[in-house]
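Each reported figure results from applying straightforward, stated rules to the coordinates on display, with no laboratory input. Being a predicted model, the structure only gives us computed values, none of them experimental.
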Amino acid sequence: MKIEIFEIGKVRREDRGKSLDELRKEEAIVEIYPEFKDGLLNIESMEHLWIIWYAHLGRRDVLRAHKYGRIEEPLCGVFRLRGPYRPNPIMISLVKLLGVEKGRFLRVKGLDAYDDTPVLDVKPYNRSLDDPRFIP
């Protein structure tokens with residue numbers, strides 16, 4: 001089976017020398033390409049969004065890693081970890097939407113992706129669907 005996925009935008013931010021934990025605390029811009037701008041209609045009514053992004057700097061040949069990349073932490077399978085090293089480095093980040101600029105630039109906080117990271121999708125956070133306390 002062939003699966004085709006393409007980027008709909010890029011992460012824009014200053015990130016030189018910062019850890020992903022530090023980046024989560026700072027604002028970032030998710031630039032949505034002009035041809036996908038219409039998909040953002042009324043998105044400003046959302047408080048939180050899921051940003052689905054591609055960890056283009058991550059290795060794809062790793063199946064086990066140390067938690068947090070620290071050797072003193074236990075070795076785990078990558079499907080137990082949230083790191084970028086995995087067969088399909090598709091990542092998700094729950095972000096707070098701070099604003100929408102020029103109809104296609106999402107100003108967000110909580111994104112743990114570096115500058116120039118490809119964005120694959122944007123989805124609304126829905127408490128009744130996404131909060132584990134509401135799983136039947």
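Judged by the ratio a/c of the largest to the smallest principal axis of the C-alpha gyration tensor, segment 85-129 counts as oblate, that ratio being 1.5 or greater while a/b is no larger than b/c. Over segment 12-92, all Cα pairs binned in 10 Å intervals from 0 give whole-percent P(r) values of 14, 37, 32, 14, 2, listed from short to long. Measuring nothing but how far apart in sequence close Cα pairs (under 8 Å, 6+ apart) lie, relative to its length, the chain scores a relative contact order of 38 percent. Compared with the alpha-carbon gap, the fully stretched path from ASP116 to CYS76 is longer by 11.5 nm at 0.36 nm per residue.
If each DSSP helix of 4+ residues adds -39,500 (n - 2.57) and the sum is divided by the residues in the chain, what number results at 222 nm, nearest 500 deg cm²/dmol? Show your work: numbers first, answer last.
On the way: 2 runs with 9 residues, N = 136.
That comes out to -1000 deg cm²/dmol.
The alpha-carbon atoms of the chain, seen along their principal axes, cover 45, 42, 38 angstrom, with the largest extent given first.
Considering only Cα-Cα distances, which of the following residue pairs are longer than 22 Å: LYS25/LYS96; LYS25/LYS102; LYS37/LYS96; LYS18/LYS109; LYS102/LYS123; LYS18/LYS102?
Numbers: LYS25/LYS96 11 Å; LYS25/LYS102 24 Å; LYS37/LYS96 19 Å; LYS18/LYS109 15 Å; LYS102/LYS123 19 Å; LYS18/LYS102 28 Å.
Where the Cα-Cα span goes over 22 Å, the pairs concerned are LYS25/LYS102; LYS18/LYS102.
The slack between ARG64 and ILE3, meaning 0.36 nm per residue of separation minus the straight C-alpha distance, is 19.5 nm.
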